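Only the coordinates and a few stated rules stand behind these numbers; no lab work does. The model shown is predicted, which means the values in this text are computed figures rather than measured ones. Positions of Cβ are backbone-derived with ideal geometry, glycine not excepted, and every protein chain shown enters the neighbour counts.
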Amino acid sequence: MASQPHPLVYFWIAHYNDGTYASQFDLNTFKENSIKIIDNSKLIKVGWYPIPYDLAVELNKRGIPAISNPLLPKIEVEINKNKRFILFMRNFISIEEFRICENCGKEVIGAVYIDADGTPYYSFECENCGHIWNS
């Protein structure tokens, strides 16, 4: 399903100097707002926040793939008035698995591959000793 979009896990909120904010999603109608609605003249902080469960449910109902993961950290950036901010967004989920090398005992990150039948498997290569194994 390479053409299927990656699910959203974060959404942005722009915080203003008067205590108000603009959000990527209207939390009443669940419609997505354009990033162009951000008022740079009042902007003091931009944050990316894990999508709450209720918002993920509503977005999925509307055909926008979203996952709620409350264990993700919030990310906030203070905006310096003397600089212009440029917001660039990409969204992806990376699947990684850590193992201990069977040969030398060092920690190794595995790569995910998909078999022709759609079954995922991991391949590991130790950067320390070069040992390779699959699972």
Contour minus end-to-end for Ile44 and Leu27, with contour as 0.36 nm per residue of separation and end-to-end as the Cα-Cα distance?
-> 4.0 nm
Peptides 53-59, 30-36 ordered by average Cβ neighbours within 10 Å, highest first | 53-59, 30-36
